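Just so you know, all these numbers are worked out from the coordinates, no wet-lab data involved. Bear in mind that the values here come from a model prediction, so they are computed numbers and not experimental data. Counting neighbours? That spans all protein chains shown, and the Cβs are built from the backbone with ideal geometry, glycine included.
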């Protein structure tokens, strides 16, 4: 299945980003919210992964479901307080979250180099399972 296209603003650089910008290499895409305990646990693991990522093989992107936050600045404080450095886009009206048919956060998608959804993981997925799903795409 082709991943739904989007155009969202980068949280820190205020630039618009399109899904199409990521065509050519596999992509790990995670939707999250700062108030969610499962997102907090997941993002801590993803930061470690991001710090060691070989960007020649895989792209990494997160989408804050800003429309589900208490205040629009909450995710910025969350990122700064946790020293997270991975890229974040803002889904202010939850349209992208809805188009991806997410039922909760975190939700992680693995897309191939043509932006087809290869795997989808919900909030209860173990990080090791996400890595297993990713392995065939980065060991080609």
(message) Below 8 Å, C-alpha to C-alpha, sequence gap of six or more: please give me the relative contact order for the chain in percent.
(response) 34
(message) Using the basic label-point model (7 angstrom from Cα toward the beta carbon), what is the residue 83 to residue 51 distance in nanometres?
(response) 0.7
(request) With a ≥ b ≥ c taken as the square roots of the eigenvalues of the C-alpha gyration tensor of region 1-73, please select rounded if a/c is under 1.5 and otherwise prolate if a/b is larger than b/c or oblate if it is not? (result) oblate
(request) On a C-alpha basis, how far is the centre of region 75-123 from the centre of region 16-44 in Å? Whole number, if you could? (result) 3
(request) Highest first, please rank the peptides 76-83, 62-69 by the mean number of other Cβ atoms sitting within 10 Å of their residues. (result) 62-69, 76-83
(message) If N is the number of residues in the chain, what value comes out of its Cα radius of gyration divided by 2.2 N^0.38 Å?
(response) 0.96
